[in-house]
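One structure below.
The values are calculated or read from the model by the stated rules, or taken from the named source; none is laboratory data. Just so we're clear, the structure is a prediction, and the values are computed from it rather than from any experiment. For neighbour counting, all protein chains shown are included, and Cβ atoms are generated from backbone atoms with ideal geometry for every residue, glycine included. These area figures cover heavy atoms from the full protein model, side chains too; ligands, DNA and RNA do not enter into them. Shrake-Rupley method; radii C 1.70, N 1.55, O 1.52, S 1.80 Å.
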Amino acid sequence: SAVISQKPSRDICQRGTSLTIQCQVDSQVTMMFWYRQQPGQSLTLIATANQGSEATYESGFVIDKFPISRPNLTFSTLTVSNMSPEDSSIYLCSVTDPKGYEQYFGPGTRLTVT
Amino acid sequence: AQSVSQHNHHVILSEAASLELGCNYSYGGTVNLFWYVQYPGQHLQLLLKYFSGDPLVKGIKGFEAEFIKSKFSFNLRKPSVQWSDTAEYFCAVNDKGYSTLTFGKGTMLLVSP
């Protein structure tokens, strides 16, 4: 299994600002995913990030709001732009095993927007 | 689009009680099925998975789940829960050939000692 770390682990941000979340994996992986877990809700996929190509966003999520970088096979960032209180959530990154079926999750970044 | 429903949002049990958490998915094609667990303050961890073969799968810590294709269900069971099983449990599905997961809303299990 992969070991995933995320930075920061938590943050409190003001409305209108942006926060960049980093995700580091201890092995090279093809696909990385970013999820959001809002209070009392399930995990919702934001986008899939493949190295060397544009991220693929799910319905309801756009690149201007959640720009993603994937500069290499072990690292990705997710930026939450122009934040509002509705963006308060836990943001998680995940990767798949080499067969592409099991997913391993990072510890999450708990974001509070005031 | 695939959807996953978990029947109970909160379950409270006493130690040694039996557990069954329901999970149903919507898409009738070939799927992979997962249960994830999130203990307080910890990462989301894979509890067990079903890809093919025996529909009764065993996972870590004495958990098992049964895939019933005709009912689109993948219920999680444990014969005797422990206080340490207190956690949130998520059912997830992906369609074969795709890596993206669709999660249920989760079930918060509280086991009282």
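Observations, loosely collected:
- Against the numbered list (1) closer than 25 Å to A:LYS99 by Cα; (2) open to solvent by 70 Å² or more (accessible area, probe 1.4 Å); (3) more than 11 Å from chain B (Cβ to nearest Cβ), A:ARG10 comes up short only at (1).
- A:TYR104 meets the conditions (1) open to solvent by 10 Å² or more (accessible area, probe 1.4 Å); (2) more than 13 Å from chain B (Cβ to nearest Cβ) in every case but one. The failed one is (2).
- Options A:ALA47, A:ALA55; residue that is in contact (Cβ under 8 Å) with a residue 12 or more places away in the chain, farther than 26 Å from B:TYR39 by Cα and open to solvent by less than 40 Å² (accessible area, probe 1.4 Å): A:ALA55
- Residues that are touching a residue at least 60 places away in the same chain (Cβ under 8 Å), assigned to a loop (DSSP other than H, G, I, E, B), surrounded by 11 or more Cβ atoms within 10 Å (Cβ to Cβ) and among the polar types (S, T, N, Q), drawn from the stretch B:7-36: B:ASN8, B:THR30
- Total residues in the stretch A:18-30, condition within 12 Å of chain B (Cβ to nearest Cβ) and buried (at least 17 other Cβ atoms within 10 Å of the Cβ): 1
- From the list B:ILE68, B:ILE60, the one residue that fits, being of a type in the set (Val, Ile, Thr) and over 13 Å from the mean Cα position of the chain (by Cα), is B:ILE68.
- Residue list for the stretch B:14-30, restricted to those being on the phi < 0 side of the Ramachandran plot and at pLDDT 95 or above: B:SER14, B:GLU15, B:ALA17, B:SER18, B:LEU19, B:GLU20, B:LEU21, B:GLY22, B:CYS23, B:ASN24
- In the stretch B:43-65, the residues that are open to solvent by 60 Å² or more (accessible area, probe 1.4 Å), in contact with a strand residue (DSSP E or B) (Cβ under 8 Å, 6 or more places away or on another chain) and farther than 22 Å from A:PHE105 by Cα: B:LEU56
- Matching entry among A:VAL29, A:VAL62 (being part of a loop (DSSP other than H, G, I, E, B) and within 24 Å of B:PHE90 (Cβ to Cβ)): A:VAL29
- Some residue of the stretch B:59-78 being among the aromatic types (Phe, Trp, Tyr), in a strand (DSSP E or B), at negative phi and touching a Gly at 6+ places or on another chain (Cβ under 8 Å): no
- Number of positions in the stretch A:67-91 that are assigned to a loop (DSSP other than H, G, I, E, B) and open to solvent by 10 Å² or more (accessible area, probe 1.4 Å): 7
- Of all the criteria given as (1) within 11 Å of chain A (Cβ to nearest Cβ); (2) among the hydroxyl-bearing types (Ser, Thr, Tyr); (3) touching a residue at least 40 places away in the same chain (Cβ under 8 Å); (4) open to solvent by 20 Å² or more (accessible area, probe 1.4 Å), the one not satisfied by B:THR107 is (4).
- Index of the failed condition, A:TYR35 passing every other in (1) within 11 Å of chain B (Cβ to nearest Cβ); (2) at pLDDT 95 or above; (3) open to solvent by 40 Å² or more (accessible area, probe 1.4 Å): (3)
- For the stretch B:27-42, the set of residues classified as out of contact with any Asp or Glu (no Cβ under 9 Å at 6 or more places or on another chain) and over 30 Å from A:ARG110 (Cβ atoms) consists of B:GLY28 only.
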